[in-house]
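Data first, discussion second: the structure below is written as structure tokens.
The values are calculated or read from the model by the stated rules, or taken from the named source; none is laboratory data. Predicted model, so just to flag it, every value in this text is computed and none were measured. All Cβ positions, glycine included, derive from the backbone under ideal geometry; neighbour counts span all protein chains shown.
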Amino acid sequence: MIEDDLRAAFARREELVPAVGPVRAAIDRAVVRRRRRRLRLRLAGTTLAVVGAALAGFTAIAPRPPESANLLATASPAPTPTGALNVLLLGLDQTGAGRRADSVLLVHVPADRSRLYLVSLPRDLLVPIPGRGTGKLNASFAVGAGPSGTDLAGGYRATRQVVTQLTGVRIDAGAVLTYEATRELTDAVGDVPVCLPAPVRSVHTERRFPAGCQQLDGTAAVDLLRQRYGLRDGGLDRDRNAGRYAAGLLTRIREQGVLTNPVLLNRLVTQVGSGVVTDTGQTSLLTLISVAGKAAAVEPVAVGLPIRYTERQPYGFRLDPALAPGFLDALRADRLGEWTAAHPKQVTALR
């Protein structure tokens, strides 16, 4: 009797059960959408790494921290910024405990998107480090990265705080980068043109880089970017060579139309890899790429922060009291074009 009642109950409810086919199709569509979204997030993170490399001459290899997983997951598209943008890029060479940011580059994108300004901040610049007193700029990364040097996102945040206090400008985006994958990126774009004002001899490999313009493959590019010993101005000359490499890389990417061609961009990011620590703030990755692409249409201006070496302890660089205030005012007011035109000696010759 109970069995008959159950059969009758199922029969009465059967017509209310949805067809299996449409339900299965809906599930399949949802799975595909989630997979595509995850792919877009991975590619977007990699794309910022490529843009960062195009701006600074370094490539990211740091693993993406948890907070960067939702950089693109906004309810509505982020509005395109109309004002100036500042992107902080940190170049790492060494690994392990005590890891420091050997290269600190602030990329200024003016509101008129006319060009990019590559502002080199010396790693030995003496700055206030929260909780540590006065120290060198590159040490701020080690403080944030922790005893093991593995917290790259923490190192970036600590350095961003110091650079914000130093310059007085808001950092809109940034990335932690290293020389490690520069080799792959340089080879992927088909070598990078670099013009040197004087010959350079590598203390690591004995390679000799002649004065003048030359094409560098990945291995040579990494070798050049590591050099500071034997250069007249040491680390400052290394910063200038990084600016020259950046300009050459921008030229190669611009010639190939990578930033405006999704097929080429996808091919390049696939070759470079997807690991990156990024910070895009309130600006979406795709918007940042679009803005950077417009400003990169012409040759950038590489300029060094005006500094002077101090002969007293702690030894290092301090802001030039004569030039630095005017430079920082121009940076904050988005008038670097006027300032660099008035102070050509502060501009790094790219050719």
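Overview of results
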| quantity | calculated |
| --- | --- |
| Options Leu116, Leu125, Leu137; residue that is modelled with pLDDT of 90 or more, within 10 Å of Val162 (Cβ to Cβ), touching a helix residue (DSSP H, G or I) at 6+ places or on another chain (Cβ under 9 Å) and crowded, with 23+ Cβ neighbours inside 10 Å | Leu137 |
| Residues within the stretch 300-331 that are out of contact with any Ser or Thr (no Cβ under 7 Å at 6 or more places or on another chain), surrounded by 15 or more Cβ atoms within 10 Å (Cβ to Cβ) and outside any strand (DSSP E or B), tallied | 8 |
| Index of the failed condition, Val162 passing every other in (1) part of a helix (DSSP H, G or I); (2) surrounded by fewer than 20 Cβ atoms within 10 Å (Cβ to Cβ) | (2) |
| Where Asp112 falls short, out of the listed (1) in contact (Cβ under 8 Å) with a residue 12 or more places away in the chain; (2) part of a loop (DSSP other than H, G, I, E, B) | (1) |
| In the stretch 198-226, the residues that are part of a loop (DSSP other than H, G, I, E, B), surrounded by fewer than 16 Cβ atoms within 10 Å (Cβ to Cβ) and either among the hydrophobic types (A, V, I, L, M, F, W, C) or in contact (Cβ under 8 Å) with a residue 12 or more places away in the chain (or both) | Ala198, Pro199, Val203, His204, Thr205, Arg207, Pro210, Ala211, Asp217 |
| Qualifying residue in the stretch 322-339 (condition: at pLDDT below 95 and either at positive phi or charged (D, E, K, R) (or both)) | no |
| Sole exception among (1) surrounded by fewer than 17 Cβ atoms within 10 Å (Cβ to Cβ); (2) in contact (Cβ under 8 Å) with a residue 12 or more places away in the chain for Gly146, by number | (2) |
| Output for the stretch 171-197, where each listed residue is under 30 Å from Leu85 (Cα atoms) and assigned to a loop (DSSP other than H, G, I, E, B) | Ile171, Asp172, Tyr179, Glu180, Ala181, Val189, Gly190, Asp191 |
| Residues (assigned to a helix (DSSP H, G or I) and at pLDDT below 80) located in the stretch 229-267 | Val258, Leu259, Thr260, Pro262, Val263, Leu264, Leu265, Asn266, Arg267 |
| Unmet criterion (only one of (1) closer than 25 Å to Pro79 by Cβ; (2) among the charged types (D, E, K, R); (3) under 18 Å from the mean Cα position of the chain (by Cα)) for Asp112 | (3) |
